[in-house]
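The values are calculated or read from the model by the stated rules, or taken from the named source; none is laboratory data. The model shown is predicted, which means the values in this text are computed figures rather than measured ones. Here Cβ is always computed from backbone atoms with ideal geometry, including for glycine, and neighbour counts include all displayed protein chains.
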Amino acid sequence: MYISTRDNYSAVVASEAIKLGMVPAGGLFVPQRLPRLSLKDLQAMGEGTYQETARKILGLYLEDFSAEAIAACVNQAYGPNFDKQEITPLHQLTDRLYVLELWHGPTAAFKDLALQLMPLLFAQALKNLKVQQEIVILVATSGDTGKAALEGFKDVPGLKIICFYPYGGVSKVQERQMLTTGGNNTYVVGVKGNFDDCQNAVKAIFGDEAFRRVLAEKGMALSSANSINWGRLLPQIVYYVYTYAKLLAKGRIQPGEQVNFVVPTGNFGNILAAWYAGRMGVPVHKLICASNENKVLTDFFRTGRYEKNRPFKRTNSPSMDILISSNLERFLFEITGRRGDLIAQWMKELQEKGTFTVNVKVQEEMRQVLWAGWADEQETLATIKETFAEKGYLLDTHTAVGMKVYRQYQAETADQTVTVLDATASPFKFASSVWEAIRELKDAGKKEPGARASGENKEFEQEFDNEFDLLRKLSVSTGIPVHPALSELKRQPVRHKRVCATGEIKQEIEDILGI
């Protein structure tokens with residue numbers, strides 16, 4: 001059964017939690033109890049496949065799904081659509097540091113691990129509940145979730161998906177991926193604002209009871225594919241369990257030995273999945289939360305005060321350009337001993353005042369498991385350059401933020417625990433920034449990465465105006481093949497051309513749905 005983080009909704013079965021997406025009265029669904037894995041369980045998983053681990057973990061959480069239904073969903077989600085048989089390969093960078101490559105799915109980003117599976121779970125949930133309504137999936141994306149969700153829900157019967165992204169606030173590759181999506185049930189809308197504007201509008205629509213009644217009269221209901229939906233977060237727990245199991249099986253760690261996970265994050269979903277894996281029994285020493293210059297999470301974990309009333313910056317790691325981290329609510333619910341009253345109070349303060357502060361006890365509880373840091377754009381580019389020069393390994397901008405923060409953590413703590421760094425996207429998704437970082441290694445005499453100020457180096461801006469032409473150049477220069485999902489992107493026709501102001505999002509939905 002699943003309960004609300006704000007103690008304001010009756011417990012529901014897994015299928016209902018997935019169908020609803022978020023608690024209609026406000027709040028997020030969490031499992032009423034967390035299953036446990038023994039060391040023996042983890043050792044056994046190390047001998048199996050990713051699919052076998054996924055079936056095991058999902059079965060522990062989805063008690064109203066049959067084993068046969070879970071197996072069918074998993075087998076369809078993780079197959080030839082991933083370009084590596086192991087699904088989430090581990091690359092050893094040093095004797096104590098591994099890179100977990102989460103970008104081998106059909107859209108070249110870690111979101112595929114969840115969003116190739118979630119639509120199948122969603123469709124099965126509707127069958128379990130015998131739902132007759134058409135479901136309208138609303139998605140707010142800072143870049144990668146959009147395409148992964150569109151691709152996953154494309155042409156699924158009984159569903160429509162509408163995706164909102166910050167117009168001009170994602171990379172050209174990310175935008176083209178979304179705008180070229182086919183399917184007769186997919187809709188993409190650029191919003192003249194930032195990700196938080198998109199996310200806040202979607203949340204407001206979920207909480208609009210009058211609008212939900214209008215939809216119900218038309219035979220429709222709302223749901224979400226963002227990580228506020230438990231069906232989206234659950235598949236992410238799998239790769240943390242699987243990674244620990246594989247480190248064990250390969251003899252890289254001893255049974256029971258703790259590991260660190262470094263997670264570049266904006267909405268706190270990916271790192272929350274690692275925390276849940278730890279609560280289930282994966283021996284976790286520290287979760288290292290990495291932010292870019294929109295460092296609302298870093299500041300919160302260091303001070304206990306969440307403050308969204310601050311300047312928003314568009315950076316070269318756009319998927320992390322977020323000031324309201326939705327999944328933090330689940331983490332706070334768990335870390336406070338499931339105090340729904342406190343969560344409701346803090347979330348109300350955040351909505352009304354833009355800030356809230358947790359007590360000293362909660363701060364100390366968070367610091368026991370979590371360390372936070374941030375990196376600016378220049379540090380991000382320099383880290384890409386240094387890692388490629390020293391190790392021959394190419395990072396995307398988000399993973400580079402994680403690498404830089406991990407170095408900060410090591411400098412401060414001297415911790416030698418075996419560490420896994422999440423690589424959240426293919427470097428080719430952010431080709432212009434990655435090329436800017438390493439071009440000096442290929443073209444002697446150019447400026448240092450990050451050295452040009454705003455408005456400077458017009459030659460650079462003109463030469464690389466077309467990000468798609470850079471894909472081949474980056475591949476030739478590094479000897480790394482372009483991700484299959486991106487190689488033909490430039491030639492695909494643009495199918496979606498909607499753009500609106502932040503105040504017009506509800507109107508766009510009504511227009512799309514014909515109501």
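Here's a check for you: in the range 213-227, which residue that is out of contact with any helix residue (DSSP H, G or I) (no Cβ under 8 Å at 6 or more places or on another chain) and touching a residue at least 60 places away in the same chain (Cβ under 8 Å) is nearest to L20 (Cα to Cα)?
That would be A216.
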Cβ-Cβ under 8 Å, sequence separation 6+ or interchain: first residue in the range 154-176 and touching a residue at least 60 places away in the same chain (Cβ under 8 Å) and within 24 Å of V136 (Cα to Cα), partner part of a strand (DSSP E or B) and among the acidic types (D, E). Which pairs?
K160/E134
Checked the range 255-286 for anything over 24 Å from F300 (Cα atoms), assigned to a loop (DSSP other than H, G, I, E, B) and touching a Leu at 6+ places or on another chain (Cβ under 8 Å); matches are P255, G256, G281, V282
Checking the structure you have, find out if any residue of the range 34-56 is without any contact (Cβ under 8 Å) to a residue 40 or more places away in the chain and either closer than 27 Å to S326 by Cβ or of a type in the set (F, W, Y) (or both).
no
If I ask for residues that are in contact with a helix residue (DSSP H, G or I) (Cβ under 9 Å, 6 or more places away or on another chain), β-branched (V, I, T) and either assigned to a loop (DSSP other than H, G, I, E, B) or free of Cβ contacts under 8 Å to residues at least 40 places away in the same chain (or both), which ones from the range 467-491 would you list?
I480, V482
Taking the range 421-434, which residues are surrounded by 24 or more Cβ atoms within 10 Å (Cβ to Cβ), over 14 Å from P264 (Cβ atoms) and either in contact with a Lys or Arg (Cβ under 9 Å, 6 or more places away or on another chain) or of a type in the set (D, E, K, R) (or both)?
A431
Could you tell me whether any residue of the range 206-229 is touching a Ser or Thr at 6+ places or on another chain (Cβ under 6 Å) and buried (at least 21 other Cβ atoms within 10 Å of the Cβ)?
yes
Given the condition closer than 21 Å to K147 by Cα and either surrounded by 15 or more Cβ atoms within 10 Å (Cβ to Cβ) or modelled with pLDDT under 95 (or both), answer yes or no: does some residue in the range 441-462 qualify?
no
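Per-residue answers, yes or no, for (1) in the same structural domain as A245 (by TED's automatic domain parsing); (2) free of Cβ contacts under 8 Å to residues at least 12 places away in the same chain; (3) among the small types (G, A, S); (4) surrounded by fewer than 21 Cβ atoms within 10 Å (Cβ to Cβ):
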{"position": "A290", "(1), (2), (3), (4)": "yes, no, yes, no"}
{"position": "D299", "(1), (2), (3), (4)": "yes, yes, no, yes"}
{"position": "R302", "(1), (2), (3), (4)": "yes, no, no, yes"}
{"position": "S317", "(1), (2), (3), (4)": "yes, no, yes, no"}
{"position": "S325", "(1), (2), (3), (4)": "yes, no, yes, no"}
{"position": "E334", "(1), (2), (3), (4)": "yes, no, no, yes"}
Criterion violated by T357 - all others in (1) closer than 25 Å to G105 by Cα; (2) in the same structural domain as L297 (by TED's automatic domain parsing) satisfied:
(1)
So which of A400, A372 is assigned by TED's automatic domain parsing to the domain that holds F301, surrounded by 21 or more Cβ atoms within 10 Å (Cβ to Cβ) and within 20 Å of Q174 (Cβ to Cβ)?
A400
Hits in the range 26-63 (condition: basic (K, R) and loosely packed, with under 15 Cβ neighbours inside 10 Å)
R33, R36, K40
Restricting to the range 270-286, name every residue that is at negative phi and either in contact with an Asp or Glu (Cβ under 8 Å, 6 or more places away or on another chain) or modelled with pLDDT under 95 (or both).
N270, W275, R279, P283, H285, K286
Considering only residues that are touching a Leu at 6+ places or on another chain (Cβ under 8 Å) and farther than 15 Å from V296 by Cβ, which ones fall in the range 334-362?
T336, L342, I343, V362
Would you mind stating whether V238 is out of contact with any Phe, Trp or Tyr (no Cβ under 6 Å at 6 or more places or on another chain), assigned by TED's automatic domain parsing to the domain that holds A274 and either aromatic (F, W, Y) or crowded, with 23+ Cβ neighbours inside 10 Å (or both)?
yes
Could you count how many residues in the range 216-256 are over 25 Å from A148 (Cβ atoms) and not charged (D, E, K, R)?
10
